[in-house]
Structures are given as structure tokens and as C-alpha cells.
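The values are calculated or read from the model by the stated rules, or taken from the named source; none is laboratory data. Treat the numbers as computed from the prediction; the structure is a model and nothing was measured. Counting neighbours? That spans all protein chains shown, and the Cβs are built from the backbone with ideal geometry, glycine included. When the accessible area is computed, the model is the full protein with side chains, heavy atoms only, and any ligands, DNA or RNA have been set aside. Shrake-Rupley method; radii C 1.70, N 1.55, O 1.52, S 1.80 Å.
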Amino acid sequence: MRYVGFSEFFHDAGLAIVNQDGSVAFASQAERYSGLKMDHLIPPEMWSFVNNDDHVTYYEDADLRREKMGGMRTFQNNPDVARKAKRGWIDTAYPMRNSLTFDTFNEHHESHCALAFLTRPWESKEDTVMVSVDGSGELESLVIKDHNFKTIKQILWPQSLGSIYGTVTSALGFKMLRDEYIVMGLASYGKVDKTLYDILYNMYYWFESEDGCNVRQIVDFEGNCVAESALSAKYVQYEHKVLKRVKGISEEDASATIQKFFEDEVLKVMTEARKYGSKLVYSGGCAQNVTANSKIHELFDDMHIALAPNDAGNALGCALYSWHKATGGDNVKCSPYLGHNIDRPIDPKMVAQYLVDIKICGVANGRAEYGPRALGNRSLLADVRYDVKDTVNTIKRRHKFRPFAPAILSEYADEYFEGPMNEYMQYTAKAKHDYSSVTHVDGTARVQLVKPDCESVLRPILEEYYELTGVPMLLNTSLNIRNRPMVNTIEDAEEWESKYNVKVF
């Protein structure tokens, strides 16, 4: 038996396959195969990886979502997707699905928590607490669960840290559900605006006020859809207040304010969660906020963030949760290299020499990474000894203020950085060096530790580069341009090399 999980229809569609022994056979975002950034539908090519006798699970309770939120999640209210969703959420998108044997679903936050919990790097369970923070699940925007997946605390939409962050992102003219990381990077350039902070605070806590609770009770008692209720109307009123204030201050200050508000509130949640476990597993879209993650890290004895905390990661989360329920297994080891395989020879010594000579190159080799970060197999690399930040941002069509991450041989990390670091660029650490190409304006960097057992070709490339230069780190960013997915296939790599005039090994 294999366990297949998929997320689809809203944003970041994904599909994952888990073997009976808990090993992960495949996991990828749909966008890598369709070429459409944050694609909401799984292309037929990916469905062809699924067998008719696989156990297939959807990532959330679509019927409950319809009941409580007024409909299926549909990307930007796309009418075609909405029409398909109304007909049924399993067998509508592609005819071949009708031949598959489907399970029903796991709940949204269960899928998030399962990915983090079941891939935790420690064996113990009783000392572990799970937290998922998102825009919304079926209705919950935040949950704290114990090691048995029992809910300890939940917060219901429209009271939502993810939605509020998205509201400010949209007010700034960026795309909600896509560009929040841009706002996070911009925050380091600004100062907190007290007026906007107070609006955000009142917006969030109105739903816990006496008036908010009374409206919630009426909605629940009458069985109304929350999205069509006075709760949603109140949220819209606050959205207008946010938009008005954001337009009256600088982008930098608005970004700094939402980042500070988010950090303050998520730390309250994590302080509560700490009462139920000394070790944290964390997921949901908000777990991609690396600045906040670094502060959360200080509260726990150990912390593990899901490899792919976004909804695409829920494909693997719900597959693993189905495997867990069927087999009793509660811990799996998986690398991030779970996608399409480019099987071609590569000489790390040649790549390192090219970087020394030319300063920038791409790597597209081995299995593609699962999750939002390029970790060496679909990466654009650069020589950190030179100020190449503007050059790389120009190649990638990115804002010039955007920072880049360093990939460093793990045994040298403490010489160059101070603070939390891991293999997946999920924290920020203070730089102890003056390589500006991989240091943000606030003196931090989102460090990728490249360990000796790393499965990527990045490890031997770094070793060869270190031999040549005495520097154990490279600039590492994703092999893509803005608003396009990372390179996936050899054909993608060849096209990218030709179009952007950057050598790809």
C-alpha cells in the first residue's frame, strides 16, 4: 500500500506519495510541472504518478469548509474551479481520478501538524507540542495540539494572524498569499507606526471582545456561514482602516509594523504552547516567517519546522497522517530532495572553479527540493567575496532590497554566524563577518547549514570552493526569476541558461 496526499483548488497545489514503510517516494508542488507560480491545480502529468490501488487523501475537510466558509477554496474566485468544486472535490478535475480508490480527508491543521510532527528529528513524543498558524483552515486560523493530535487551543477565523499579515501585504500593493516574504524583508528598513499597530491590535482582538463573542455565538447558533456573517463584515471594516493608514505612511514603516505585531502575537501563542511541551513542531504558512522563528526558538529546548510549511506541504502532511493512522508509525526520516530527478554528471571541482572565475552559475542536478527553498539542487550560486547582490537580483528580476541566503559548510557556521540555523533556511542569525552579499540590512542572514551527510551536490561544491578560496560559504538562491517556479527539468535548465545567459551545471 502507498499513501498519496494532495492539496488543490486554492493555491500551492501539491502531491506526495509515501510508501508502506514510511519512506517518501515523491513530493512536489504542482507549479514545478505546470510552470505556473503557485498553481492551484495538479497537472495530469503528476496524476500519472498515482496508482489505482493507492490510498489517496485530500488535505482538508472540503465539506466543512463549504459549510463554514461559504464554499470550497478557489483560487482568486476562478469560476471554472468553483464550478468543478461544486460538483465534488475528488473526481472532477481529471477523468482518470474516477479510477482511483480515495480515502476521504484529513483536516487542514492536522495535515500541517502531521508533516512537522512525523518528521521531527527526535524520537520522544510526550515532550512535544504542535502548533499550526495559517490564514485559515476549515475555520481555525491557529491550533495548538498535544502529541496525540488532541486540540489544546484553537483560534477561529476571521481572527487570524495570517489573514492580517496578508491584509497589510495587499494594502502595500503586493499579492496576498504570495508576497508576504517581501514585506518581511522590507520590515528591516522601517520603524513601527503606533497608529497602524493599534489598528491591527484592535482588528485582531475585536473577535475576542464581548461584541465579537456575541456575534460568534449568534452565527454558530443559527448555523450561518461565517464568511457571509457580521464577523466577516467587521473584518472588512477593519481592512478599510488598515488600507487607509498604510497609504498614509511609508512602505517600510507599514512592513515593520505588521512584522512587529505578528511577532508579538505569535510569541504569546508559543509561550502558551510551551506549557504543554518543551519541544515544538511548527507548521502552517506563518511558519515561513524566519524572523519570528528565530525568536520562537528561544522559548523551547528544541524546535522543528515543517520542511514545507505551506499548503503544498499539506500534500505530504496528509499522506503521512494517513500512513500514521494505518500503521501506527510516528517518525520518518526524509530529505528535502523528493521531486523530479535530473540525472546527469556534474564535476564539483569544475563548478567551484567556474564560480571563482565567473562569480555566478546555476545548478540543476539530482532530485528537486520540496518546499519553498532551493537547497542546492535547483540553485543559483554566487561567490560571496564580491558584492554580487545587485547582479543576482537583476538576473532574478527581484527588488533590490531583497536579501540573499548563505549556504555554509556546517562545521564552520559558528565562526561566521551567531544564532539559530538549520539545513532549510528557516531562521535568521547574526552575521559575524563582512560579506555584504549574504547579509541583510539588519545584519542578519537566513543561513543554510550544509552538513557532511547532505544529499545535494552542493556539499562537494562547497568543499571544493573552500579549498580554492578559504571561504566555506556561497550565496545560494533559487534558480528562477520573480513570479516563476524554480527550474524543474533538464529542458527547463537549458532554457533558463539560454534565456538569462547564466551557465547551469
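Things to note:
- Residues of region 194-213 include at least one that is β-branched (Val, Ile, Thr), open to solvent by 60 Å² or more (accessible area, probe 1.4 Å) and assigned to a helix (DSSP H, G or I).
- Of the residues in region 390-403, not one is crowded, with 23+ Cβ neighbours inside 10 Å and either within 26 Å of Ser294 (Cα to Cα) or out of contact with any Lys or Arg (no Cβ under 9 Å at 6 or more places or on another chain) (or both).
- Scanning region 456-495 for residues that are open to solvent by 20 Å² or more (accessible area, probe 1.4 Å) and of a type in the set (Phe, Trp, Tyr) yields one hit, Tyr466.
- Residue identified as among the acidic types (Asp, Glu), open to solvent by 10 Å² or more (accessible area, probe 1.4 Å) and in contact (Cβ under 8 Å) with a residue 24 or more places away in the chain among Asp383, Asp343, Asp357, Asp302: Asp302
Residues checked against (1) among the aromatic types (Phe, Trp, Tyr); (2) touching a His at 6+ places or on another chain (Cβ under 6 Å); (3) open to solvent by 10 Å² or more (accessible area, probe 1.4 Å); (4) at pLDDT below 95:
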residue	(1), (2), (3), (4)
Arg274	no, no, yes, no
Gly284	no, yes, no, no
Thr291	no, no, yes, no
Ala306	no, no, no, no
Gly339	no, no, no, no
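- Top-ranked residue of region 231-253 - restricted to ones that are among the small types (Gly, Ala, Ser) and part of a loop (DSSP other than H, G, I, E, B), ranked as least open to solvent (accessible area, probe 1.4 Å): Ser250
- Matching residues in region 133-144 - criterion: being of a type in the set (A, V, I, L, M), surrounded by 24 or more Cβ atoms within 10 Å (Cβ to Cβ) and either at pLDDT below 95 or more than 17 Å from Ala306 (Cα to Cα) (or both): none
- For region 23-78, residues that are open to solvent by less than 30 Å² (accessible area, probe 1.4 Å), acidic (Asp, Glu) and either modelled with pLDDT under 90 or outside any helix (DSSP H, G or I) (or both) total 4.
- Against the list (1) modelled with pLDDT of 95 or more; (2) in contact with a Pro (Cβ under 9 Å, 6 or more places away or on another chain), the condition Ala171 fails is (2).
- Check on Lys503, surrounded by fewer than 20 Cβ atoms within 10 Å (Cβ to Cβ), in contact with a Cys (Cβ under 8 Å, 6 or more places away or on another chain) and at pLDDT 95 or above: yes
Residues checked against (1) surrounded by fewer than 22 Cβ atoms within 10 Å (Cβ to Cβ); (2) charged (D, E, K, R); (3) at pLDDT below 95; (4) closer than 21 Å to Cys225 by Cβ:
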| site | (1), (2), (3), (4) |
| --- | --- |
| Ala116 | no, no, no, no |
| Pro121 | yes, no, no, no |
| Glu126 | yes, yes, no, no |
| Val131 | no, no, no, no |
| Asp146 | yes, yes, no, no |
| Phe149 | yes, no, no, no |
| Gly162 | no, no, no, yes |
| Leu186 | no, no, no, no |
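- Any hit, region 215-228, residues being closer than 30 Å to Ser124 by Cα and either at pLDDT below 95 or touching a His at 6+ places or on another chain (Cβ under 6 Å) (or both): no
- All conditions in (1) under 27 Å from Val236 (Cα atoms); (2) part of a loop (DSSP other than H, G, I, E, B) hold for Ile155, with the sole exception of (2).
Every residue, every condition in (1) in contact (Cβ under 8 Å) with a residue 40 or more places away in the chain; (2) over 30 Å from Lys333 (Cα atoms); (3) of a type outside the set (Lys, Arg), yes or no:
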position	(1), (2), (3)
Ala413	no, no, yes
Phe417	no, no, yes
Met421	no, no, yes
Ser436	yes, yes, yes
Gln448	yes, no, yes
